[in-house]
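What follows is a short report on a single structure.
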Amino acid sequence: MSSRTNPTVAVLMGGPSAEREVSLNTGRACAAALREHGYTNVIEVDAGPDLCTVLGDLAPDAVLNCLHGRWGEDGCVQGILEWLKIPYTHSGVLASAVAMDKQRSKDIFRAAGLPVVDSIIVSAQRVRGGHVMTPPYVVKPNNEGSSVGVYLVSEAANGPPQLDDDMPEMVMVEAFAPGRELTTTVIGDRALTVTDIITTGWYDYDAKYKEGGSRHVVPADIPQDIFELCLEYALRAHNALGCRGVSRTDFRWDEARGTAGLIILETNTQPGMTSTSLSPEQAQATGMSFPELCAWMVEDASCAR
């Protein structure tokens, strides 16, 4: 980022994805945190079709990317920022694009010796027509986050899931991984801690973002070998994808299988930063306040990431 003593920071938020509302909450929270930390030139930008023009006119010293989902998290906006030569936060074009593609990121995890469950990419029409995998299994878009459009097909299901019409033409069908939901944030070259996410049901969109939807135990009360393995796997996943800045890797852990029961679900290159979000909680638990975390991201901003 520019060495100016009072830099202009544009906080990108909103955008056209299915995660627009969460992104707006993230962006507003981060902008407020930056101001609290002492940044006085913080401009909130709701990303629209005129984003190139808006950023060109603003000419900020850095962009704090708070967009979630497609266009903001999949390499598209990162490409715009590279073209405009504006330093930005989080991962670059390639890592963002690959991490957002769940199947391709799994291929990279496998090549790096990281554990994942079996999955296939098939048409939504075929999924509606009959079981393409022995239940239980999960159906999800291959390139969305925040559990958007996720269907859990149980062993007791009478038939295949009737996917909504707005599901993409091609979807991922993934073997269901039983167990506890764990997650670890990486900041730079350091894995922070492990959170155990406790819900009464499936960890869906509401569980993630509605007050009371889930309970976070941080640090997780799990065996030390599993705890350390989460830290190791998260950092290895971050590096295998080529991530920069902050990322968060989600796991499932089947206690009955010990270390063999720990698998990676996915790595998020732009983890949420709302009041119920996991990464700020983990930063706080390891001694970094939310304003300090936001300031770290801005100070880490660069091009060619």
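Each value in this text was obtained by applying a stated rule to the coordinates, not by laboratory testing. Keep in mind it's a predicted model, so treat the numbers as computed, not measured. A quick note on method: Cβ atoms are made from the backbone with ideal geometry, for glycine too, and the neighbour counts reach across all protein chains shown.
Counting Lys and Arg as +1 and Asp and Glu as -1 over every other residue whose Cβ lies under 12 Å from the Cβ of residue 69, the net charge comes to -3. Let me have the relative contact order for the range 119-175, percent, based on Cα pairs under 8 Å that are six or more residues apart. 53 percent. With the biggest extent put first, the Cα atoms of the chain measure 60, 43, 38 Å across the principal axes. Both numbers refer to the Cα atoms of the range 9-154; Rg and Dmax are 18.2, 57 Å.
Please label the shape of the range 8-89 as rounded, prolate or oblate, based on the square roots a ≥ b ≥ c of the eigenvalues of the alpha-carbon gyration tensor (a/c under 1.5 means rounded; beyond that, a/b larger than b/c means prolate, else oblate). Oblate. Listed by number, the DSSP H helices of the chain that run 18 Å or longer by alpha-carbon position along their axis and have mean Kyte hydropathy of at least 0.0 are 224-241.
Please report the net charge: other residues with Cβ closer than 15 Å to the Cβ of residue 287, K and R +1, D and E -1. Mind dumping the intermediate values first?
Values: positive: 190; negative: 281, 292.
Net local charge, residue 287 excluded: -1.
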